[in-house]
Amino acid sequence: GKGGIVVYPFLDLNANGKRDKGEPKVKGLNLNVSGGRVEHNEKDTLIRIYDLEPYTNTLLTLFGSNFDNIAWQIKNKTMSVAVDPNQFKIVEVPIDILGEVAGMVYLGAPGSERGQGRVIVNIYRADNTLVSSTLSEEDGYFSYMGLRPGKYYAMIDAVQMQRLGMKATDKIEFEIEASYEGDFIDGLEFYIEKLPVPEEVETAEN
């Protein structure tokens, strides 16, 4: 009367959340389970969980720290699975391939610039949805990893620039391609500089 679960991790090449033809199994998945007996099969990469109480929900907590590629990430790291008696339920776990974008933030015009730290760089999807923000490091370098395949653009945070009385170069568009290893876009360059002081302010100060 016991039930079981077969965990099937696969590489979600097209990022649709479903296992399609040609999408390979992934080794290196680890998990914690609330009950039962866990058996890892290195040969077929499947994880089998035995001796589960039927008609109950079993909580799975997934870990991907042993994947072969740092770009491979689990979207849903916890899931509740209903256990059926006298059978194994197959649970497919899509592994996302995430891309990375990187670049520099410079203070000054090209040719006389220097790297500028603590500048907010916003990453947006092509539909203007904010994905995330990252801060440039002390030397001006910034990077963000966690982008699924698609079109994006990056831009310096306008609110921060307004608060500092500065302006920045326009947004930079880029595309993360679907690839087995994860795409890496480098070389984005932003330039920021102080806004000129209005003439009436200069006159009043003089």
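The values are calculated or read from the model by the stated rules, or taken from the named source; none is laboratory data. The structure displayed is predicted, hence computed values, not measured ones. Counting neighbours? That spans all protein chains shown, and the Cβs are built from the backbone with ideal geometry, glycine included. With ligands, DNA and RNA removed, areas are computed over all heavy atoms of the protein, side chains included. Shrake-Rupley method; radii C 1.70, N 1.55, O 1.52, S 1.80 Å.
What dipole magnitude, in Debye to the nearest 20, does the chain give about its Cα centre under +1 on Lys/Arg Cβ and -1 on Asp/Glu Cβ? List each step's numbers first, then the result.
On the way: 21 positive and 32 negative charges, 247 e Å.
Around 1180 debye, computed over the chain.
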(message) Keeping all protein chains in place and using 1.4 angstrom, which order do 27, 43, 75 fall into by accessible surface area, from largest down?
(response) 43, 75, 27
(request) Can you send over the carbon and sulfur percentage of the accessible area for region 31-171, probe radius 1.4 Å, protein chains only? (result) 48
(request) Return the single residue from 190, 88, 142 with maximal mean-square fluctuation; model: Gaussian network over the chain, springs between Cα atoms under 10 Å. (result) 88
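Where Rh is the Kirkwood radius over the Cα pairs of region 106-170, the temperature 37 °C and the viscosity 0.692 mPa s, what D in µm²/s does Stokes-Einstein return? Don't jump to the answer; show the numbers that get you there.
Values: Rh = 12.7 Å.
Rounded to a whole number, D works out at 258 µm²/s.
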(request) Report, in deg cm²/dmol and to the nearest 500, the calculated mean residue ellipticity at 222 nm for the chain, where each DSSP H run with n ≥ 4 adds -39500 (n - 2.57) and the sum is divided by the residue count. (result) -1500 deg cm²/dmol
(request) Kindly report, to the nearest 10 Å², the accessible surface of residue 156 as traced by a 1.4 Å probe over protein heavy atoms only. (result) 10
(request) Could you run the Karplus curve 6.51 cos²θ - 1.76 cosθ + 1.60 with θ = phi - 60° over region 55-66 and give me ³J(HN,Hα) per residue in whole Hz, x for Gly and Pro? (result) 6, 10, 9, 9, 8, 10, 10, 9, 10, x, 5, 9
(message) Using a probe radius of 1.4 Å on heavy atoms only, what accessible surface per residue do you get for region 49-206? Whole Å² is fine.
(response) 59
(request) Would you give the gap between the C-alpha center of region 1-75 and the C-alpha center of region 79-135, rounded to a whole Å? (result) 23
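Which percentage, to the nearest 5, of the DSSP beta bridges contained in the chain is antiparallel? Intermediate values should be presented prior to the final figure.
On the way: 47 of 62 bridges.
Percentage antiparallel, nearest 5: 75.
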(request) Could you tell me which of 60, 28, 132 has its Cα farthest along the dipole of the chain towards the positive end, charges placed at Cβ (Lys, Arg +1; Asp, Glu -1), taken about the Cα centre? (result) 60
(message) Rg and Dmax in Å for the chain, alpha carbons only: what are they?
(response) 24.2, 90
